[in-house]
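Take a look at the structure set out below.
The values are calculated or read from the model by the stated rules, or taken from the named source; none is laboratory data. Owing to the predicted nature of the structure, the values given are computational and were not obtained by experimental measurement. Quick reminder, even Gly has a Cβ in these numbers, built from the backbone with ideal geometry, and neighbours come from all protein chains shown. Surface accessibility is based on the protein's heavy atoms, side chains included, excluding ligands, DNA and RNA. Shrake-Rupley method; radii C 1.70, N 1.55, O 1.52, S 1.80 Å.
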Amino acid sequence: MARVIDPPSAPSSPSADAPPFDAPPLDRVPLVVPPAAIGARWPIVIVGATATGKSDLALALAEALDGEIVNADALQVYRGFDIGTAKPNAAMRARVPHHLIDICAPTEPYSAGRFADEARAAIAAIRARGRWPLVVGGSGLYVRALLEGIRPLPPADAAVRARLDARLADEGLPALHAELTRSDPATAARLAPADRQRILRALEVLETSGRPLSEQLRETPFGVTRLPAIRLGLTLPRQLLYDRISFRVGRMMHAGWLEEIRRLLRQGVPTDAPAFQAIGYRQLFAHLAGHGTLDAALDDIIRATRRYAKRQRTWFRKEKDIRWLSAAAISDHIQPLLRVLGGSTRP
């Protein structure tokens, strides 16, 4: 049966399971920010694995700094997919303006390149209003595309995609993922084996350009100015993170996740829509279609989310200039951060 528990407030044995990144307390090692960053309101970018509390930290900072939040989660762009994506609710969005949420139909493809363009535009508009932009999310490629730029990739090729779709129907997704593992192991390693949309796109890029997607993404794009930012990351010991994931899955179920999926199906959202390929949605849809018990689906969701969190940690470990903070006590970071950033330090 799926293990759904209330997360403890601290790891039971921190010495045996330390955070994966160096995250000294701010009162011991303060955040260092260039003076120009304050006056220019460099975007504050908050990253980390799923279930580490990124939205909580962003809301607190945005309220104190008169800021606005730019979403950097690849799934929160889709309308109607709310509970399973941990989308900020109406009350949170009433407290602080949010951008790049609910901007796509469930069937609409969304890419890192498009995100980078739209996020830069949102950041510029926020600054023009004299407010502070905060970029929040765990989609590592999206954040890198925003801050470092991304090389333009080959456009979609209808003929190639039709051939891949036919192969998908004949051979199944595991065979195509295995092919990607052989031809582009770096991309295959960062994608979930069930991520149909991105696996097909990676194979499409390889076939149309003759070069692996991972190789092209490593290249610095010509003519793109890097966006300076204040980078914060939230991290937890592995077992505590796993406990939080289990608890969050249970909380989503109590919030009506299954009914959300039934509603989307009644509205005619096709089951092959990009948003339906997300972790949780595909498992619960399979259960509703008669494939397995609810407990089995929940177990699969928890395992898949833990694997996704591991991939996120691996990705962000390679990113530069991130000041890591322990997510076990987010409230402890607010006042030290505001003393550096110049916001309202409320008691």
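All but one of (1) free of Cβ contacts under 8 Å to residues at least 40 places away in the same chain; (2) surrounded by 14 or more Cβ atoms within 10 Å (Cβ to Cβ) hold for residue 279, so report the exception by its number.
Exception for residue 279: condition (1).
Residues to consider are 8, 20; find the one that is at pLDDT below 95, closer than 29 Å to residue 252 by Cα, touching a strand residue (DSSP E or B) at 6+ places or on another chain (Cβ under 7 Å) and not in a helix (DSSP H, G or I). Full working, then the answer.
Numbers: 8 fails: touching a strand residue (DSSP E or B) at 6+ places or on another chain (Cβ under 7 Å).
Just one listed residue meets the conditions, 20.
Working only within segment 117-142, note down all residues that are under 14 Å from residue 229 (Cα atoms), in a helix (DSSP H, G or I) and either open to solvent by less than 10 Å² (accessible area, probe 1.4 Å) or free of Cβ contacts under 8 Å to residues at least 40 places away in the same chain (or both). Break it down stepwise before answering.
The first filter runs over segment 117-142 and keeps only residues under 14 Å from residue 229 (Cα atoms), leaving 119-120, 123-124, 127, 132-136.
Imposing the further condition that a residue be in a helix (DSSP H, G or I) reduces the set to 119-120, 123-124, 127.
119, 123, 124, listed by residue number.
Does residue 304 count as of a type in the set (Gly, Ala, Ser), in a helix (DSSP H, G or I) and over 15 Å from residue 51 (Cβ atoms)?
The answer is no for residue 304.
Could you check, for segment 251-271, whether at least one of its residues is touching a Lys or Arg at 6+ places or on another chain (Cβ under 8 Å) and on the phi < 0 side of the Ramachandran plot?
Looking through segment 251-271, none of the residues is touching a Lys or Arg at 6+ places or on another chain (Cβ under 8 Å) and on the phi < 0 side of the Ramachandran plot.
Quickly run through segment 71-116 and pick out the residues that are in contact with a helix residue (DSSP H, G or I) (Cβ under 8 Å, 6 or more places away or on another chain) and either without any contact (Cβ under 8 Å) to a residue 24 or more places away in the chain or at positive phi (or both).
Across segment 71-116, the qualifying residues are 80, 86, 100.
Any idea how many residues of segment 328-347 are open to solvent by less than 40 Å² (accessible area, probe 1.4 Å) and either modelled with pLDDT of 90 or more or farther than 28 Å from residue 36 by Cβ (or both)? Even if it seems obvious, please write down each step before you answer.
Filtering segment 328-347 down to residues open to solvent by less than 40 Å² (accessible area, probe 1.4 Å) leaves 328-330, 333-334, 336-338, 341, 343.
Remaining after also requiring either modelled with pLDDT of 90 or more or farther than 28 Å from residue 36 by Cβ (or both): 328-330, 333-334, 336-338, 341.
Number of matching residues: 9.
Looking for whichever is farther than 24 Å from residue 194 by Cβ and surrounded by 22 or more Cβ atoms within 10 Å (Cβ to Cβ) here; the options are 325, 298, 284. Which one fits? Give the derivation first.
Details: 298 fails: farther than 24 Å from residue 194 by Cβ; 284 fails: farther than 24 Å from residue 194 by Cβ.
Residue meeting the stated conditions: 325.
Can you pull out the residues in segment 32-71 that are surrounded by fewer than 23 Cβ atoms within 10 Å (Cβ to Cβ) and assigned to a strand (DSSP E or B)?
68
For the subset of segment 206-240 comprising residues that are modelled with pLDDT under 90 and of a type in the set (A, V, I, L, M, F, W, C), which member is most open to solvent (accessible area, probe 1.4 Å)?
Checking each candidate, the answer is 222.
Considering only residues that are open to solvent by less than 40 Å² (accessible area, probe 1.4 Å) and under 15 Å from the mean Cα position of the chain (by Cα), look in segment 96-112 and name the one that is nearest to residue 86 (Cα to Cα).
My answer is 101.
Which count do you get for residues in segment 84-95 that are assigned to a loop (DSSP other than H, G, I, E, B), open to solvent by 40 Å² or more (accessible area, probe 1.4 Å) and aliphatic (A, V, I, L, M)?
Kept after step one, since they are assigned to a loop (DSSP other than H, G, I, E, B), are these residues of segment 84-95: 84-89.
From the residues that got through so far, the ones that are open to solvent by 40 Å² or more (accessible area, probe 1.4 Å) too are 89.
Then keep just the ones that are aliphatic (A, V, I, L, M); that gives none.
Count: 0.
A quick yes/no check of all residues on (1) at pLDDT 95 or above; (2) part of a loop (DSSP other than H, G, I, E, B); (3) within 19 Å of residue 307 (Cβ to Cβ):
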position: 242; (1), (2), (3): yes, no, yes
position: 250; (1), (2), (3): yes, no, yes
position: 264; (1), (2), (3): yes, no, no
position: 268; (1), (2), (3): yes, yes, no
position: 271; (1), (2), (3): no, yes, no
position: 275; (1), (2), (3): no, no, no
position: 284; (1), (2), (3): yes, no, yes
position: 290; (1), (2), (3): yes, yes, no
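Considering 192, 229, 255, 169, which residue is hydrophobic (A, V, I, L, M, F, W, C) and either more than 26 Å from residue 136 (Cα to Cα) or without any contact (Cβ under 8 Å) to a residue 60 or more places away in the chain (or both)?
Values: 192 fails: either more than 26 Å from residue 136 (Cα to Cα) or without any contact (Cβ under 8 Å) to a residue 60 or more places away in the chain (or both); 229 fails: either more than 26 Å from residue 136 (Cα to Cα) or without any contact (Cβ under 8 Å) to a residue 60 or more places away in the chain (or both); 255 fails: either more than 26 Å from residue 136 (Cα to Cα) or without any contact (Cβ under 8 Å) to a residue 60 or more places away in the chain (or both).
Answer to the selection: 169.
Are there any pairs, at least 6 apart or on different chains, whose C-beta atoms fall under 8 Å, with the first in segment 50-67 and among the acidic types (Asp, Glu) and the second open to solvent by 10 Å² or more (accessible area, probe 1.4 Å) and assigned to a helix (DSSP H, G or I), and if so, which?
Note: pairs meeting the criteria are 63/95.
Can you pull out every residue in segment 58-94 that is acidic (Asp, Glu) and farther than 17 Å from residue 118 by Cα?
63, 66, 82 - these are the residues of segment 58-94 that are acidic (Asp, Glu) and farther than 17 Å from residue 118 by Cα.
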